[in-house]
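Heads up: the structure comes next, in structure tokens.
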Amino acid sequence: MFETYYPILFLILFAVFLALVMAGASILIGKRTRLGKKGNPYECGIDPVGTTRDPVPVKFFLIAISFILFDIEVIFLLPWAVVARDLGMFGFVSILIFVTLVMIGYFYELGRGALKWD
Amino acid sequence: MLEMIVASSIKVIIVMLAVLTGCAYATYMERKVVAFMQHRIGPSYAGPYGLLQPIADAIKMAFKEDVVPDKVERITYALAPIASFVPSLLVFAVVPFSADFTLVGRQVTGVISDLNIGILFVFAITSLGVYGIVLAGWSSGSKYSLMGGIRSSAQMISYEISYGLSIVGVILIANTLSLRQLVEQQDTILHWYIWKQPLGFLLYLTCAIAETNRLPFDLPEAESELVGGYHTEYSSFRFAMFFIGEYANMIAVSCVGTTLFFGGWQGPFLPAGLSVIWFVIKVFCFMFFYIWLRATFPRFRYDQLMNFGWKVLFPLAVVNLLVTGLIVLW
């Protein structure tokens, strides 16, 4: 049952190996100097101001949460798409009800301005 | 068993070499095509017509100093390029490159692994790509990286929904999730799924460009405001890994687009063993389109980008899906 997944395992091993070789190569053969000022985070040549561990605007979290909701919708649609012909109209109406429910959520979100950027 | 291991290892190595060479020459092609579109010559010193430029770039990258700035979180900083590079190569595991053919008496399948859930695998792996970007942006300890990383992840997850929905239409028509069967169904040009799913294709194309962070959706790397975006603090080959990952992603979405909408390796005149040539030609056209877009369009503004993804593409994708479902069942 899992035979088809073995080649993917090889591919993963190969890709990770390649990535390690690449990352290692530059460490091994690259030039090395003492860093000093060069170790500062890049900020257009001025001394860095403040930290980067600041709070992130909450908008981005809202986007992430909406993403989870709607992406799960997609995951439910895929199995239906494969067997849509066998399920016929019954399946379509069920999916229609499901999509309608999700879209109500979507328009509610739009109305509340969760997806508004300014 | 042993034969299977040897055969798939050889296939993996061939495909990986082809993809990495493809990535290298995609950079060359991009520079050359954009140069011609802007009445310049582009790279021309290394080798004839500058053909050795990608190799020169790779060697130069490897010999550069690997700068690790003071404020980075070392473990995540080291993991990020790998987390971005590896998933970009994994997609090629399920892409059917050519028809099955016989080579020295053995049956060779034109795909590394013909999963029966190929498309799901593609989308699962594509989603993993965002981790590398988030980790890179967060661990670099630079404001530009952080902003680039956050923007990029928000953009990618926003477009991922429409990206997923845009292909459900094709699956509805094809009744399968296996990429190989999808290609086999599109045996002549009239059976290409682009004719049955024109809107689906446009949605796929738009979302694919946004997913791979290319112009006109390349907000994460907007040089004029964010310097380099999430890989500002990377140098040497670790920077190159992000770069290769980006181009491998471009090639991957081109391959998947070709498979879903343009009949993959199907084409006239060529025997099964050479059908990979059609595949390469089609992917090449996709890549050319990418570069053409870059040379033509200005960049979106961030609010326009998010509005476009959520308020235009998503409803369109849902409508496309329901209409397709209705027509298929009628």
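The values are calculated or read from the model by the stated rules, or taken from the named source; none is laboratory data. The structure displayed is predicted, hence computed values, not measured ones. FYI the Cβ positions are ideal-geometry reconstructions off the backbone, even for glycines, and counts take in every protein chain you see. The accessibility values were calculated without ligands, DNA or RNA, using every heavy atom of the protein model including side chains. Shrake-Rupley method; radii C 1.70, N 1.55, O 1.52, S 1.80 Å.
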Can you tell me which of (1) surrounded by fewer than 18 Cβ atoms within 10 Å (Cβ to Cβ); (2) touching a helix residue (DSSP H, G or I) at 6+ places or on another chain (Cβ under 6 Å); (3) outside any loop (DSSP other than H, G, I, E, B) is the one B:Ser8 doesn't meet?
(1)
Being over 26 Å from B:Ile281 (Cα atoms) and assigned to a helix (DSSP H, G or I) is the filter here, so list the residues in the stretch B:92-128 that pass it.
B:Ala124, B:Ser127, B:Leu128
The conditions are (1) assigned to a helix (DSSP H, G or I); (2) at the interface with chain B (Cβ under 8 Å from one of its Cβ atoms); (3) open to solvent by less than 30 Å² (accessible area, probe 1.4 Å), and A:Phe14 fails exactly one of them. Which is it?
(3)
Quick one: B:Ser152 ticks every box in (1) modelled with pLDDT under 85; (2) within 25 Å of B:Phe242 (Cα to Cα); (3) in a helix (DSSP H, G or I); (4) over 16 Å from the mean Cα position of the chain (by Cα) bar one, so which box is it?
(4)
Answer with yes or no whether B:Ser98 is at pLDDT below 85, among the hydroxyl-bearing types (Ser, Thr, Tyr) and under 29 Å from B:Gly229 (Cβ atoms).
no
Can you tell me which residues in the stretch B:189-231 are open to solvent by 30 Å² or more (accessible area, probe 1.4 Å), outside any helix (DSSP H, G or I) and β-branched (Val, Ile, Thr)?
B:Val227
Return yes or no: is B:Val95 open to solvent by less than 30 Å² (accessible area, probe 1.4 Å), over 19 Å from the mean Cα position of the chain (by Cα) and of a type in the set (A, V, I, L, M, F, W, C)?
no
Return the only residue of B:Leu270, B:Leu322, B:Leu326 being more than 16 Å from B:Phe217 (Cβ to Cβ), assigned to a loop (DSSP other than H, G, I, E, B), without any contact (Cβ under 8 Å) to a residue 60 or more places away in the chain and of a type in the set (A, V, I, L, M, F, W, C).
B:Leu270
Charged (D, E, K, R), more than 8 Å from every other protein chain (Cβ to nearest Cβ), open to solvent by 60 Å² or more (accessible area, probe 1.4 Å) and assigned to a helix (DSSP H, G or I) - does that describe any residue in the stretch A:23-35?
no
For the stretch B:60-90, name all the residues that are of a type in the set (Val, Ile, Thr), within 10 Å of chain A (Cβ to nearest Cβ) and either part of a helix (DSSP H, G or I) or open to solvent by 30 Å² or more (accessible area, probe 1.4 Å) (or both).
B:Ile82, B:Val86
